[in-house]
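Undergrad: Have a look at this one.
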Amino acid sequence: MNMMNFSKQICIKMNSTKYSKQEQFAIVSILIMIMEADGVIDPNEVKFLNGVLSSSNISESELEIISSYDFNQCQKILSSLASHELANAKFIFTEMAKCDGHTDPRELEIINRIGHKE
């Protein structure tokens, strides 16, 4: 799938699910954790993140707030999602993990921990 269709599909997932601002922040925070998990930030991962940021209308100043979120905080926010909302979020996380052409086990570990009570 080319990057344009791919980003469009993700934007539809983000917009069709009515995530609150806090839920969007938690999703973006997890996306950044996935992006950084393998120690290499691929240009496709940056494009992917930018697509999510623009589709969610997240500003630079909001990114500062997002950068202060830790995994446990995100986990707590996302654990209150309805099952279809969580499934959409996990789809977005998985697409981020795949978009550099390699799904790293460290990326999958982050995704697999979402939604489980810790």
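Undergrad: Between beta-carbons, use under 11 Å as the cut-off and find the net charge around Asn44, counting Lys and Arg +1, Asp and Glu -1. Please list the in-between numbers first.
TA: Numbers: positive: Lys47, Lys98; negative: Asp42, Glu45, Glu95, Asp100.
Counting the neighbours of Asn44, the net charge comes to -2.
Undergrad: To the nearest 0.05, how large is the calculated FRET efficiency for Thr94 and Ser59 if R₀ is 22 Å and r is the Cβ-Cβ distance?
TA: Numbers: r = 26 Å, r/R0 = 1.19.
Efficiency computed from Cβ-Cβ geometry: 0.25.
Undergrad: Measuring from label point to label point, each 7 Å out along Cα→Cβ, what is the Lys18 to Thr103 span in nm?
TA: About 3.2 nm, to one decimal.
Where a number appears in this text, it was derived from the coordinates with a stated rule and is not lab data. All figures in this text were calculated on a predicted structure; none of them were measured in a lab. Positions of Cβ are generated from backbone atoms using ideal geometry, with glycine treated the same way; all protein chains shown enter the neighbour counts.
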